[in-house]
Each structure stands twice: as structure tokens, then as C-alpha cells.
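The values are calculated or read from the model by the stated rules, or taken from the named source; none is laboratory data. It should be emphasised that the depicted structure is a prediction, and the values quoted were computed from it without experimental measurement. Here the Cβ positions follow ideal geometry from the backbone for every residue, glycine too, while neighbour counts run over all protein chains shown.
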Amino acid sequence: MNTDYLIIGNSAGGIGAAEAIRSTDTTGSLIIVSEEPYPAYSRPLISEYLSHERDIEDMLYRPADFYKKHSIQLFLGKKALSIDTHQKTVKMDSGENIHWKKLLLATGGIPIIPPVKGHDKKGVFSFLSLNDAREIDAFLARGGVKRAVVSGGGLIGVSVSQALRARQIHVTIIEMKDRILNTILDEAASAIAADSVKRGGGSIIVNDTVKEISGNASVREVILNSGEQIQCEMVIMAIGVLPQTELAKSAGIAVNRGITVDRYMMTSKPDIYACGDVAEAYDFIIGSNRLTPLWPNAYIGGRIAGFNMAGAKTEYRGGTAMNSINYFNLSIATAGMVSAPAEENSFETLTKVNNATYRKVIIHDNRIAGLILVGDIDKSGILFGLMRKNIDVTTFKSALLADDFGLAYLPASIRKEQLGETVIN
């Protein structure tokens with residue numbers, strides 16, 4: 001089988017690439033291969049599937065006719081086993097080879113499952129894909145589940161905890177560090193988030209980990225490193241995600257923590273590109289490559305890869321860590337740095353606490369380098385725009401955390417030239 005473009009992965013990055021390719025080349029043959037059996041769906045919505053707020057049709061990332069409309073040949077439930085970079089072929093688990101001219105690796109990540117004793121018992125799950133959510137849903141439907149332990153207090157752990165609470169399951173989050181959501185929030189914001197989880201009926205144990213899952217064939221209890229024992233019928237492993245780099249490594253493609261790519265999303269091998277959770281791409285805040293496994297970054301990186309695969313040379317301006325979430329009735333928006341480096345005196349941190357809201361902006365060289373908004377996140381778009389465009393905020397820095405901060409606070413030249421507002425003098 002021959003194709004001009006082969007995309008391995010059918011999530012945000014793969015779809016972004018396919019759309020970019022088709023906007024440039026409407027006739028070249030295009031194949032997407034996915035291990036999952038579903039058309040592209042919005043992965044961040046799997047918690048809403050589990051909570052019965054959405055069904056699969058509501059989660060589709062693109063309309064049902066997307067692939068046909070864009071002349072995309074889709075192979076679902078198929079796995080790529082190996083890449084021959086010289087012959088430009090990918091061997092599939094079906095035994096056939098796909099010959100390609102341009103290849104994109106958008107293979108995403110895989111859940112981290114620590115070697116905890118008893119992790120293979122019935123009632124232990126991960127929570128990364130729609131299949132995971134469906135398996136948990138089916139397990140709950142059998143009845144008998146009243147208590148769950150969630151190992152990991154990051155974004156995955158908090159999202160699945162909210163879904164389980166919506167199903168009337170008592171949830172205990174076990175976090176090995178001293179606070180939940182510690183990679184995206186500072187101490188003050190984490191404390192607010194923890195209070196919201198507790199008000200929503202969840203329990204939190206920090207500075208501890210799951211040492212053992214006990215029971216016969218099924219989960220009955222977890223034993224923590226501290227020795228504490230917690231009875232439960234379900235355990236969700238939400239420690240984190242690792243880039244799925246095995247395919248790239250076996251092909252001799254350069255891999256650090258993830259697949260290394262240049263500013264055009266190309267790997268160390270010509271005509272092979274990578275994007276999304278599997279790729280280490282440019283972060284405009286730190287000025288170098290790193291993993292930023294986030295849905296928007298995956299889609300944008302995929303588009304850049306797609307344009308370049310189709311011959312429209314396009315440079316990736318860079319992404320950064322950013323989140324906009326609402327769990328346990330608490331809205332949170334973050335971007336860039338969480339805290340200023342302790343050893344650096346060139347950073348300035350502005351904070352404001354007002355009732356149930358918390359705002360923080362980190363400034364470096366008169367530019368925004370990070371932000372955290374908790375409770376009221378309406379101004380996050382403007383603040384992120386200033387950060388993204390590297391705007392000098394010196395003249396209006398004192399207004400950044402004002403309750404009514406908005407475009408009106410910005411100099412007319414910035415509104416017009418940088419933020420696209422039409423200014424009437």
C-alpha cells in the first residue's frame with residue numbers, strides 16, 4: 001500500500017496535521033492509522049463520559065463525515081509495529097507494509113503504572129482514553145462499588161475523581177507530594193483546589209503513595225507507604241503519562257524524554273515529523289524544547305507539521321504549559337511558569353486574593369512569564385495574549401490584577417497592532 005502522507009495517531013495532533021495537509025494539498029493520498037477503534041474524539045471529555053454528562057457522539061472532535069469529506073483513508077484498531085526509515089515503510093500488525101513519502105508520529109502517551117503489588121487485580125484501572133472510561137463505567141454498572149482510591153493528585157486524578165463523585169462514589173486521592181495539582185499550581189492555589197475537592201465530598205491524603213493493593217481476585221483495600229489501610233472496591237492509577245516513543249526509538253529517531261523535533265516539527269530523520277504528547281517541541285517561555293502534553297499544543301503542533309509535510313514551510317512559534325479547567329465547581333486557568341525561580345532576582349511576582357478568587361502574574365524582563373487565575377478566569381485570555389505576544393507590560397503592570405482589567409487598560413498601539421483591536425481616536 002502506498003500513500004503520500006501517513007499519520008500514526010488520530011487525536012488532536014493527527015487531526016491538526018490532516019487539516020493542514022488538506023488545506024495545502026487536496027489530492028495527495030492520506031492515511032491515518034489509530035490503535036483506538038473510534039473516530040477522533042475529545043480526550044479531555046472522557047471524565048464527562050464517565051459522569052454520564054456526555055455520550056460518545058457528543059465527544060466527537062470532528063463531524064462523522066470528516067474523513068470522507070477530506071479523502072482520508074482511516075485504519076482504526078490497527079497498530080504500527082516498526083518503521084523502516086530507508087525504505088520509507090511502516091509495518092502494521094496486520095502484516096502489511098505502508099509505503100509513505102511523509103510520515104507523522106502523533107502516537108501520544110501511555111499511562112504510568114508503577115509496579116505496585118496487586119496492580120493486576122480486578123478493579124484497577126488507568127484513565128487516559130475513552131476505552132478506560134468505558135471500562136470503568138461498565139465496572140460501576142455491575143454494582144457494589146462504593147469507594148475508590150485515586151493514586152495521583154494531578155489533572156488526571158482530579159478529573160476522574162470528579163466523575164466518580166458524580167456517580168456517588170466516595171473518593172480518596174493519594175498524592176505523593178505535599179499538595180494536589182502541584183505541577184500547575186502554586187501552594188496558595190493548590191490549597192483552594194483542595195478545599196473545593198473536599199467540599200465536593202472527596203478526601204485527600206498527601207505525602208504518601210499506594211504500596212499495595214490487596215484482596216483476592218478483586219480490589220478490597222489499599223495499603224499506603226505510611227501503613228495506613230483504606231478499604232475500597234476500585235483503584236484508579238493516575239500517576240501520569242509517558243510519551244509513547246518506542247516506535248521512534250526502534251527506528252533510530254532521536255529521542256530525549258520525547259521525540260526531539262525542530263521548529264518545523266521534523267525529527268532527526270528526513271520526512272518524518274512528530275507532534276503532541278510524544279514530542280519535545282519549542283516552549284516560548286523557557287526558550288528551548290520540552291514536553292508540553294496538552295491538547296491545544298498537540299493540535300497546533302500537528303498543523304505546523306502538516307503544513308511542512310505538504311511543502312508549505314511553516315515555523316512553529318512555540319507553545320507552553322497552559323490549562324483551563326473546571327473541576328469541583330472551581331475554574332482554574334494557568335499558563336507558563338507556576339512560580340518564579342527562587343535563585344533569580346530578575347522575576348517579579350504579583351498576587352491578589354479577593355474573596356474566593358486568586359490571581360498571580362509572574363513578570364520577567366517586563367514581560368509576563370506565567371499566570372495563575374483561580375475562581376474568576378475571565379481575564380485569562382487577555383493575559384495569555386500578552387504573554388504569547390511577548391508584550392512589554394511596564395506601563396500598565398499595576399493594572400494586571402485589577403478586578404476590571406481589560407483591553408481598555410492597554411495602550412492604543414498595543415490594542416491595535418498586537419491584539420487586533422480597531423482603535424478609534
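Please verify whether Gly153 is over 30 Å from Tyr264 (Cβ atoms), assigned to a loop (DSSP other than H, G, I, E, B), in contact with an Asp or Glu (Cβ under 9 Å, 6 or more places away or on another chain) and modelled with pLDDT of 95 or more, treating the condition exactly as stated.
Numbers: over 30 Å from Tyr264 (Cβ atoms): yes; assigned to a loop (DSSP other than H, G, I, E, B): yes; in contact with an Asp or Glu (Cβ under 9 Å, 6 or more places away or on another chain): yes; modelled with pLDDT of 95 or more: yes.
So Gly153 fits the description; yes.
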Verdict on Glu53 being more than 28 Å from Ile272 (Cα to Cα) and not polar (S, T, N, Q): yes
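Looking only at region 225-266, count how many residues are farther than 16 Å from Leu105 by Cα and among the β-branched types (Val, Ile, Thr). Break it down into steps so the answer makes sense when it comes.
Applying the first criterion (farther than 16 Å from Leu105 by Cα) to region 225-266 yields 225-241.
Of the ones still in play, those that are also among the β-branched types (Val, Ile, Thr) are 230, 235-236, 239, 241.
Qualifying residue count, region 225-266: 5.
Go through region 116-148 and give me each residue that's among the β-branched types (Val, Ile, Thr) and either surrounded by fewer than 19 Cβ atoms within 10 Å (Cβ to Cβ) or in contact with a Phe, Trp or Tyr (Cβ under 8 Å, 6 or more places away or on another chain) (or both). Steps first, please.
Just the residues of region 116-148 that are among the β-branched types (Val, Ile, Thr), to begin with: 116, 124, 136, 145.
The answer is Ile136, Val145.
May I ask you to list the residues in region 163-179 that are surrounded by fewer than 24 Cβ atoms within 10 Å (Cβ to Cβ) and under 28 Å from Thr292 (Cβ atoms)?
Restricting attention to region 163-179, the residues satisfying the condition of being surrounded by fewer than 24 Cβ atoms within 10 Å (Cβ to Cβ) are 165-170, 172, 176-179.
Those that are surrounded by fewer than 24 Cβ atoms within 10 Å (Cβ to Cβ) and under 28 Å from Thr292 (Cβ atoms): Met176, Lys177, Asp178, Arg179.
Could you please find all residues in region 387-396 being outside any loop (DSSP other than H, G, I, E, B) and in contact with a strand residue (DSSP E or B) (Cβ under 7 Å, 6 or more places away or on another chain)?
Residues of region 387-396 that are outside any loop (DSSP other than H, G, I, E, B), as a first pass: 387-388, 394-396.
Result: Met387, single match.
Restricting to region 275-303, what's the tally of residues that are among the small types (Gly, Ala, Ser) and more than 16 Å from the chain's Cα centre (by Cα)?
At the first step, the residues of region 275-303 found to be among the small types (Gly, Ala, Ser) are 276, 279, 281, 287-288, 298, 301-302.
Next cut, more than 16 Å from the chain's Cα centre (by Cα) only: 287-288.
Going through region 275-303 one residue at a time, the tally reaches 2.
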Residues located in region 397-419, provided they are at pLDDT 90 or above, in a helix (DSSP H, G or I) and out of contact with any Phe, Trp or Tyr (no Cβ under 7 Å at 6 or more places or on another chain): Lys397, Ser398
Can you tell me how many residues within region 269-321 are outside any strand (DSSP E or B) and acidic (Asp, Glu)? 3
In region 172-185, is there at least one residue being in a helix (DSSP H, G or I) and either at pLDDT below 95 or not assigned by TED's automatic domain parsing to the domain that holds Ala340 (or both)? no
Which of the strands (runs of 3 or more DSSP E) found entirely inside region 191-234 contain at least 3 residues meeting this: touching a residue at least 40 places away in the same chain (Cβ under 8 Å)? 210-214
Can you tell me which of (1) over 19 Å from Gly319 (Cα atoms); (2) in contact (Cβ under 8 Å) with a residue 60 or more places away in the chain; (3) among the aromatic types (Phe, Trp, Tyr) is the one Phe384 doesn't meet? (1)
